[in-house]
Amino acid sequence: MIPVSRPVFGPEEEAAVLEVMRSGQFAQAERVRAFERAFAEVTGARFAVATSSGTTALFLALLAHGVGPGDEVITSPLTFIATANAIAQAGARPVFADVDDSLNLCPASVAELIGPRTRAIVPVHLHGNPCDLHALSALARDHGLALVQDACQAVGATVDGVALGCFGTAVYSFYATKNLTTGEGGMVTTGDPEVAAACASLRHQAYAGQPYVHDRIGFNFRMTELQAAIGLAQLGRLEAITERRRRIASYYDEMIPGDRFIRPRRLAGAGHVYHQYTLRLAGADGDARRARDRLRELLAEAGVGSGVYYPVPVHRQPAYAEYAKVRCPEAERAADDMLSIPVHHALTDDEVETVAQAVRSA
Ligand SMILES: Cc1ncc(COP(=O)(O)O)c(C=O)c1O
């Protein structure tokens, strides 16, 4: 089976891990700081703060922007549940705006939901496809809201050639399936020194510079030196990783017929990094989910793995049962008719051809 994702490690990672093991320094130290510096440079941000996961990065970023009980945070329902969970864990109420045909937050739906309690907007760059940051930044600016990007799937993505890290605060995940992975891990990037300082302190039990003295209740969301060493090695290959994914995506663009399979819209100037390559079934209204699931079975029979990210929008999750009356028709439709096919950078040319042929025949 050609898997839909596969972590790839080379001799650089092996050497880096051995070096950490022999150094005797495991917990957050110089390598984590080096990873933060290098990551900030690559993502165009002034500051980067490493954490234990994308979820903890988002949680800390929200706290650092002052999000808390009584606040509302507008986000996408078409995301991994962690996006909404981090908002809820910060004490705020997630408010779900619908997506558009890019599968990212629709700025007009966001605008309709901004109210007196709204404190922040959390757009998600789903599958590595950058959302409309110009429109969302303008909305945030005009209403005095924080913009905290969930860029967990979008390391290396750009808008008009500008890295996401240049647009305020963003959070990244280095989970095992991500384009850049440390097994588990996350990063907050920001241009705001106070946000960076708050995240750095809160991840380390609200350390305030004086050993074992803490002026508020913090957390242990630190990254280890092992993760940072792997991250640094992967970061050196990020451009090549992104380039390979883009090449595979443009092959699929060409080989998989557009009249049968709709692609999520890419905005002009969006530098997509293809964490996933996603197809939507054209004209499968009514029974889209069954047709999509049948297609996945046929692909599996041809030895091609696939995934659905995500089959249940967050406002339809049992954990968010109080949102049962909320309607986000575009997100609900996409959950029924989309699927993602292998696009990871470890695919061989033969595997890429097999995937494209399997989709065409299925
Ligand atoms: C869109 C999105 N948000 C948040 C997360 C949470 O990241 P993590 O699993 O590293 O906590 C992920 C990744 O899993 C994600 O894909």
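Overview of values
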item	result
Test result for residue 48, part of a helix (DSSP H, G or I) and closer than 25 Å to residue 166 by Cα	no
Selection within segment 114-134 - without any contact (Cβ under 8 Å) to a residue 40 or more places away in the chain and open to solvent by 30 Å² or more (accessible area, probe 1.4 Å)	116, 134
All positions within segment 54-70 that are buried (at least 20 other Cβ atoms within 10 Å of the Cβ) and outside any helix (DSSP H, G or I)	65, 67
Restricting segment 198-212 to residues that are free of Cβ contacts under 8 Å to residues at least 60 places away in the same chain and in contact with a strand residue (DSSP E or B) (Cβ under 8 Å, 6 or more places away or on another chain), the residue that is surrounded by the most Cβ atoms within 10 Å (Cβ to Cβ)	201
Pairs with Cβ under 6 Å, 6+ apart, first in segment 263-292 and touching a residue at least 60 places away in the same chain (Cβ under 8 Å), second away from the ligand (no atom under 16 Å from the Cβ) and open to solvent by 80 Å² or more (accessible area, probe 1.4 Å)	269/160; 272/266
Search result, residues across segment 140-154 that are open to solvent by 10 Å² or more (accessible area, probe 1.4 Å) and away from the ligand (no atom under 11 Å from the Cβ)	141, 142, 143, 144, 145, 146, 147
Hits in segment 43-53 - residues which are within 14 Å of the ligand (Cβ to nearest atom) and either on the phi > 0 side of the Ramachandran plot or open to solvent by 10 Å² or more (accessible area, probe 1.4 Å) (or both)	52, 53
Residue ID - farthest from the chain's Cα centre (by Cα), chosen from residues in segment 309-326 that are farther than 13 Å from residue 84 by Cα and touching a residue at least 40 places away in the same chain (Cβ under 8 Å)	326
Positions within segment 82-109 being closer than 25 Å to residue 266 by Cβ, open to solvent by 10 Å² or more (accessible area, probe 1.4 Å) and within 16 Å of the ligand (Cβ to nearest atom), in sequence order	82, 96
Residue check, residue 266 closer than 16 Å to residue 126 by Cβ, open to solvent by 50 Å² or more (accessible area, probe 1.4 Å) and charged (D, E, K, R)	yes
Residue under evaluation residue 34, criteria (1) within 15 Å of the ligand (Cβ to nearest atom); (2) closer than 20 Å to residue 233 by Cβ, criterion not met	(1)
First in segment 331-352 and among the small types (Gly, Ala, Ser), second anywhere and open to solvent by 10 Å² or more (accessible area, probe 1.4 Å) and assigned to a helix (DSSP H, G or I), Cβ under 9 Å, 6 or more apart	331/316; 335/289; 335/316; 346/244
Within segment 165-197, considering residues that are hydroxyl-bearing (Ser, Thr, Tyr) and open to solvent by 40 Å² or more (accessible area, probe 1.4 Å), the one farthest from residue 41 (Cα to Cα)	177
Residue within segment 234-246 that is under 18 Å from residue 151 (Cα atoms), surrounded by 17 or more Cβ atoms within 10 Å (Cβ to Cβ) and over 18 Å from the mean Cα position of the chain (by Cα) present	no
Enumerated helices (runs of 4 or more DSSP H) restricted to segment 224-320, each holding at least 2 residues that are farther than 25 Å from residue 181 by Cα	238-255, 288-301
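The values are calculated or read from the model by the stated rules, or taken from the named source; none is laboratory data. Please read these numbers as outputs of a predicted model, since none were measured by experiment. Every residue, glycine as well, gets a Cβ built from its backbone with ideal geometry; the counts of neighbours run over all protein chains shown. When the accessible area is computed, the model is the full protein with side chains, heavy atoms only, and any ligands, DNA or RNA have been set aside. Shrake-Rupley method; radii C 1.70, N 1.55, O 1.52, S 1.80 Å.
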